[in-house]
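The values are calculated or read from the model by the stated rules, or taken from the named source; none is laboratory data. Please read all numbers here as calculations on a predicted model, not as lab measurements. For neighbour counting, all protein chains shown are included, and Cβ atoms are generated from backbone atoms with ideal geometry for every residue, glycine included.
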Amino acid sequence: MIKKILKACCVVAISLLLVGCSGEQQEGAAADGLIGQLIVTGSSTIAPLAGEIAKRFEQEHPGTRIDVQSGGSSRGIADVRRGTADIGMVSRQLNPDEIDLVAYPIARDGVAVILHRDNPLQALSEDQIVAIYTGSVTRWSEIGGADAPITVVNKAEGRSTLELFLSHFKLRNEDIRPSVIIGDNQQGIRTVAADPNAIGYVSIGTAAFEVTRGTPIKALPMDAVEATLESVRNGSFPLSRPLHLVTLPEAGAGAGAARAESAALIQAFIEYAASSQVDDLTEAQYFVPLAH
Amino acid sequence: MSPSRTETSLLWLLRALAAIAGAITLLIVVFLLVEAWPALRSPGFTHFLSDEAWFPSSSTPQFNIAPMVAGTVAATLGAMLLATPLGIAAALFCRFYAPPALASGFRRLLELLAGIPSVVYGFWGLVVLTPLIRQWAPPGQSLLAAVLILSLMILPTIALLSETALRSIPRSYLQGAAALGLSRWRTISGVALPAARCGIASAIMLAAGRAIGETMAVLMVAGNIVQVPDSIFAPVRTLTANIALELGYAMGGHRAALFVSGLMLLVLIVVLVTLSDWIMREEIHG
Amino acid sequence: MAEKTTRVVSGGFLPPARRGTDWPDRIATVLMWAVALLITAVFVWIVGDLVLQGLPHLSWEYLSAGPEDAGRGGGIAPILVSTLLILAVCMAVSIPLGLGTAVLLSEFGRRNQFFGRLVRYSLDVLAGVPSIVFGLFGNAFFSITLGMGFSILSGGLTLSCMVLPLLIRSTESALRAVPDDYRRAAAALGLPVFTALWRILLPAATPGLIAGLVLGIGRALAETAALLFTSGYVDRMPGSLLDSGRALSIHIYDLAMNVPGGESNAYASAVVLIGLLLVINALTFRAADRWLHQGITPV
């Protein structure tokens, strides 16, 4: 019996392999000449949005396939440099040592400081936030809140929201005295929602969405500007970051028809992702579309 | 019994399969070494133990991973201490205490526990467990939470594999014990457990490996502060969580430093395996 | 059916409960039941939570449609297909590899002492390699070096490296527990080693094999980090094994951690995953049971 199973396994494996090898040839020609496959990797923040954009792009250009992979901004940059991806997703400004790549913004995202809904404080000044994060204030009572220790929620080193937060408050990560360090956005929201004494910072759109569905958090205004997608859109909110697609500048400069074809596709996809045609998708993922 | 031609070729086939299985580890070690090499050359390995803190991407980078080694060891030990007795008890329950129908149901339940994704455990820990712990000792995300979630995750491995080990004890042993009129507990402690100790030990080893290597669930409940824990309520960061938290956004030297924490983890595992190997052999020869 | 397996192999043996004054025995009994209750309670807590939150979102459409709006809407059909394909690749590779290695380690151990110890040692190390390192390794080795790209194939192969120690260790210890009488009897009958293995030893070791398989399947289905960098994130229906395909566990992870408003569908997907696990485990038992009854092991 096990022999049969093993045999079956082998047969299945081999036939799947064969199917696999022949699977590539089913792409029909497209009217607009766009054809082929792109690999997009990078920031897990952008990945859901890019996935939706890719789906719509594929529908409009039959014969193309856009595979979106996740894994972090630095992965996007590394993969584009190494040539294992055509486009990278980077949820921050490019660093000075990354000028070998070209970045195209496709949307914006703000970062808001959040508290638990039951926290009596309605706003914090920048100095108070700095004092809390550097550990010179450790109890809410010191700044007019409840008599309880503050749970300071910080992001992990390298995350773009952390870098944005640090640069806005002119802090160094070494100076911060966190009680908890988290990774993804949702983890931050869960952590603050579960702890009435917590303070954290997350993506604005996410925070606004969670507030409307009853999650017990609130987003604090910053410099008296309300933490809403609207204030990110009109540029008045101080903490915001661009979401980028990056490619090699010479994409397409390479020799050969195949290269040129893929360069055209890369260019078409990036233009599409930055165009007003995907504004509804951007908003559906709680980001701010670019001003067109 | 002289081996025939088919036997020899079978033997070689098996050797080849085993060699592939063994080679995977070697490939992984080489891969980690290659990726970690830039950091091992500069700043050099001693920095990973002697620096003051862990700030790998600051302008004056610091690379101390010792607190994370402590965090990993503490979380793993805690989980082993909790899950081993519970797991073995669950196996004994299945084998010797529960009526057959219940035993089979209980086994099904353990199998399901083994297949719940770590992110679900982590999510549950974050939403249910850490708020409970927070009421005693804020912030709640802590070594204790990590230990509890890890125990839950490795318990099925210990229980299911120990149960198989108990099941393969020759029937005559148990009949002998019955003939001597031993009570159920004496049969278990005097006959069944000693007879199955090899299988149980390898179950524990596998579970320990799982506990050391678990990433996502620990990351969600442990709090991830780089510090040597001073109590079970203190947040800690494990080596695996360190990789998962920072890798997605790490460049250059920072990235290589994260692979050093991967290597460090392998060193821990090798120590553990060598230790258990040694204990097992003492046991057999001693 | 699994119960039949149990009895057949070692004989369901329960020493009689003692009446009266044997305190250690009574305490032990109480403790065992308490532990079982505790585990069941925690299980009911977790799974109950999942089912309560996930079940209302389950429907035939959820299982048969593709995901929309980053997984907040639509269903999981392509993800289910990818998951099953990844699992199939993983098992098709790891079962022969695992069985072969386990047989070598337990049956030919004396002739291969050094080699056997080396392999065993490296497997124990492999068991502790964190899943994210497996993912990075799989990406570097299968996806890039071997040129498989982000594909179901490289995801399945990476997973098979992960579950191998579980499979080998449990099969090996089950084989070792088979009484030597069986081997001697087979030798006395003049059975070729191969036949003895196939017809007597492996069937006798079935419980260990099943335990390893079930744990391996569970581990494979539950894995997230190792798959993110290998089989990938694409939620399209896979056309072949070389396509990227999102596994259920990654879908759950993404919905729970990355997509605001994705929790309810994350719960629903987790319920589907558990259901899938139940079905696959049941099929595994059935297959193993049938094999057991084809063997000539005394029943």
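Before moving on, here are some points about what is shown:
- Remark: pairs (first residue in segment B:195-210, at the interface with chain C (Cβ under 9 Å from one of its Cβ atoms); second residue buried (at least 24 other Cβ atoms within 10 Å of the Cβ) and of a type in the set (Lys, Arg); Cβ separation under 7 Å; 6+ apart in sequence or on different chains) = B:Ser202/C:Arg169; B:Leu206/C:Arg169.
- Considered as a group, the residues in segment B:99-118 that are assigned to a loop (DSSP other than H, G, I, E, B) and facing another protein chain (nearest Cβ under 7 Å) include one that is farthest from B:Ile188 (Cα to Cα), and that residue is B:Pro117.
- Every residue from segment A:192-207 that is over 18 Å from B:Leu245 (Cα atoms), crowded, with 24+ Cβ neighbours inside 10 Å and either away from chain B (no Cβ under 14 Å) or within 23 Å of the chain's Cα centre (by Cα) (or both): A:Val192, A:Ile199, A:Ile204, A:Gly205, A:Thr206, A:Ala207
Results for (1) assigned to a loop (DSSP other than H, G, I, E, B); (2) more than 14 Å from chain B (Cβ to nearest Cβ); (3) touching a Leu at 6+ places or on another chain (Cβ under 7 Å), shown as yes or no for each residue.
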{"position": "A:Asp100", "(1), (2), (3)": "yes, no, no"}
{"position": "A:Ile106", "(1), (2), (3)": "no, yes, yes"}
{"position": "A:Val111", "(1), (2), (3)": "no, yes, yes"}
{"position": "A:Pro120", "(1), (2), (3)": "yes, yes, no"}
{"position": "A:Asp127", "(1), (2), (3)": "no, yes, no"}
{"position": "A:Val130", "(1), (2), (3)": "no, yes, yes"}
{"position": "A:Val137", "(1), (2), (3)": "yes, yes, no"}
{"position": "A:Ser141", "(1), (2), (3)": "no, yes, no"}
{"position": "A:Glu157", "(1), (2), (3)": "yes, no, no"}
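- Just one residue in the set B:Ala244, B:Ala234 is modelled with pLDDT of 90 or more and either crowded, with 24+ Cβ neighbours inside 10 Å or under 30 Å from B:Pro139 (Cα atoms) (or both); that residue is B:Ala234.
- Residue within segment B:247-259 that is of a type in the set (Ser, Thr, Tyr), outside any loop (DSSP other than H, G, I, E, B) and touching a residue at least 12 places away in the same chain (Cβ under 8 Å) present: no
- Scope segment B:137-193; condition within 30 Å of A:Val180 (Cβ to Cβ) and of a type in the set (Gly, Ala, Ser); matching residues: B:Ala137, B:Gly140, B:Ser142, B:Ala145, B:Ala146, B:Ser151
- Cβ pairs under 8 Å, 6+ apart, first in segment A:100-127 and under 25 Å from A:Glu283 (Cα atoms), second aromatic (Phe, Trp, Tyr) and in a helix (DSSP H, G or I): A:Val111/A:Phe165
- Flag for B:Leu14 being modelled with pLDDT of 85 or more, surrounded by fewer than 17 Cβ atoms within 10 Å (Cβ to Cβ) and under 30 Å from C:Phe141 (Cβ atoms): no
- Residue within segment B:159-182 that is within 7 Å of another protein chain (Cβ to nearest Cβ) and closer than 30 Å to B:Leu126 by Cα present: yes
- Checking the stated criteria, A:Val246 turns out to be under 21 Å from the mean Cα position of the chain (by Cα), buried (at least 22 other Cβ atoms within 10 Å of the Cβ), in the same structural domain as A:Val40 (by TED's automatic domain parsing) and under 30 Å from A:Val102 (Cβ atoms).
- Verdict on B:Gly71 being in contact with a helix residue (DSSP H, G or I) (Cβ under 9 Å, 6 or more places away or on another chain), of a type outside the set (A, V, I, L, M, F, W, C), crowded, with 17+ Cβ neighbours inside 10 Å and within 30 Å of C:Leu157 (Cβ to Cβ): no
- Answer from B:Thr60, B:Thr6, B:Thr25 - the residue that is surrounded by fewer than 13 Cβ atoms within 10 Å (Cβ to Cβ) and facing another protein chain (nearest Cβ under 8 Å): B:Thr6
- Count of residues meeting criterion [modelled with pLDDT under 85 and within 10 Å of chain A (Cβ to nearest Cβ)] in segment B:248-286: 5
- Odd one out for A:Thr151 among (1) at pLDDT below 90; (2) within 11 Å of chain B (Cβ to nearest Cβ): (1)
- Among the candidates A:Glu230, A:Glu174, A:Glu210, residue that is farther than 27 Å from A:Pro48 by Cβ and either facing another protein chain (nearest Cβ under 8 Å) or assigned to a helix (DSSP H, G or I) (or both): A:Glu174
- So C:Ala186, is it in a helix (DSSP H, G or I), out of contact with any Phe, Trp or Tyr (no Cβ under 8 Å at 6 or more places or on another chain) and either surrounded by 24 or more Cβ atoms within 10 Å (Cβ to Cβ) or modelled with pLDDT of 85 or more (or both): yes
- Residue match in segment A:247-255 (condition: modelled with pLDDT under 90, under 19 Å from A:Thr64 (Cα atoms) and among the hydrophobic types (A, V, I, L, M, F, W, C)): yes
- Segment A:59-77: number of residues that are farther than 13 Å from A:Ile39 by Cα and either surrounded by fewer than 21 Cβ atoms within 10 Å (Cβ to Cβ) or away from chain B (no Cβ under 12 Å) (or both): 5
- Residues being facing another protein chain (nearest Cβ under 7 Å) and of a type in the set (D, E, K, R) - total across segment A:177-191: 2
- Selection from segment B:211-229 of residues that are more than 14 Å from chain A (Cβ to nearest Cβ) and either part of a loop (DSSP other than H, G, I, E, B) or not β-branched (Val, Ile, Thr) (or both): B:Ala211, B:Gly213, B:Glu214, B:Val228
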